[in-house]
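Down below is the structure, laid out as structure tokens.
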Amino acid sequence: MLDPATRSRLLDVIEEDIVPLTRAGVARGNKLFGAAILRRDDLSVVVAETNNEIENPLWHGEIHAIKRFHELPAAGRPDPSECLFLATHEPCSLCLSGIAWAGFEEFAYLFSHQDSADAFAIPHDIRILKAVYAVPDPDRTEPAPGRDLYNRDNAFFTSHPIAGPADLTDRIARIAGTYDELSATYQASKGGAGIPHA
């Protein structure tokens with residue numbers, strides 16, 4: 001579980017490091033997903049990135065962060081096992097796999113898959129997880145309501161939601177307001193940048 005100080009620090013990184021990059025990315029036509037990789041020992045930022053799908057449809061925020069991480073000189077780059085991965089939004093199937101393949105053993109996220117669908121009008125994460133990966137119940141064509149779409153604690157990684165503690169509610173609401181504005185900008189121009197599943 002994430003302790004209160006860690007949760008607060010992750011919100012700092014979202015507001016101070018990821019949001020400015022995302023604001024610029026959304027202005028160019030990208031989605032509003034971002035990520036950062038932090039050293040686990042002191043929670044300093046190693047790299048922060050945002051979605052760059054207008055360059056390559058695979059450059060989701062998390063995958064773009066992993067790409068930038070591996071472009072750093074090896075001598076100064078921490079091992080992924082020594083890092084905490086931060087995603088603004090719960091990672092999609094591509095990004096979950098990328099986090100696992102890259103060796104990051106722990107990640108945290110602010111907004112859930114359901115938030116992406118409901119609040120930000122981007123339902124593709126849930127649709128792809130259900131259509132391609134989720135194992136249905138024997139008598140159903142889709143997973144039962146409330147059933148997780150992936151194993152949040154598995155042999156590759158453990159995931160943690162940042163939201164939860166009441167003392168962070170106002171701060172998270174403020175950040176959600178920022179993302180609502182970014183979402184409105186993206187929704188007003190989506191499709192114009194040639195991103196699949198816009």
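For the pair Asp79 and Lys130, label points projected 7 Å from Cα toward Cβ lie 4.1 nm apart.
For Trp59, neighbours were defined as the other residues whose beta-carbon sits under 9 Å from its Cβ, and their charges (Lys and Arg +1, Asp and Glu -1) total -2. The aspartates and glutamates within cross-link reach of Lys130, meaning a Cα-to-Cα straight distance under 19 Å and a gap of 8 or more places when in the same chain, are Glu90, Asp115, Asp118, Asp139, Glu142, Asp148, Asp153. Modelled label positions at Asp3 and Leu94, each set 7 Å beyond Cα in the direction of Cβ, lie 3.7 nm from each other. For Val46, nonlocal amide neighbours, meaning residues 5 or more places apart or on other chains whose placed amide H falls under 5 Å from its own, are Ile37, Leu38, Arg39. Per residue, the chain exposes 48 Å² of accessible surface when a 1.4 Å probe is rolled over the protein heavy atoms with every protein chain present.
For His89, the residues whose modelled amide H falls within less than 5 Å of its own, excluding neighbours fewer than 5 places apart on the same chain, are Gly34, Leu110, Phe111.
Between Glu181 and Asn154, how high is the FRET efficiency from 1/(1 + (r/R0)^6) when r is the Cβ-Cβ distance and R₀ = 45 Å? Nearest 0.05.
0.80
Between Arg28 and Ala119, the FRET efficiency from the beta-carbon distance, with R0 = 25 Å, is close to 0.70.
For the chain, a crude dipole built from +1 on the beta carbon of Lys and Arg and -1 on the beta carbon of Asp and Glu, taken about the Cα centre, is about 480 debye to the nearest 20. In plain terms, if you count all Cα to Cα distances in the chain and split them into 10 Å steps from zero, the share in each step is 9, 37, 37, 16, 2, 0 percent.
Using heavy atoms of the protein chains and a probe of 1.4 Å, the accessible area assigned to Glu105 is about 100 Å².
Shown for the chain: the carbon plus sulfur share of the solvent-accessible area, taken with all protein chains present and a 1.4 angstrom probe, equals 54%. Rounded to the nearest Hz, the phi-derived 3J(HN,Hα) couplings of segment 51-68 under the Karplus curve 6.51 cos²θ - 1.76 cosθ + 1.60 (θ = phi - 60°) are 4, 9, 5, 5, 8, 7, x, 8, 7, 5, x, 5, 5, 5, 5, 5, 4, 5, where x marks glycine and proline.
The values are calculated or read from the model by the stated rules, or taken from the named source; none is laboratory data. Note that the structure is predicted; figures quoted are calculated from it, not measured. Don't worry about glycine lacking a Cβ; one is built from the backbone with ideal geometry, like all the others, and counts go over all protein chains shown. Surface areas here come from the heavy atoms of the whole protein model, side chains and all, with no ligands, DNA or RNA. Shrake-Rupley method; radii C 1.70, N 1.55, O 1.52, S 1.80 Å.
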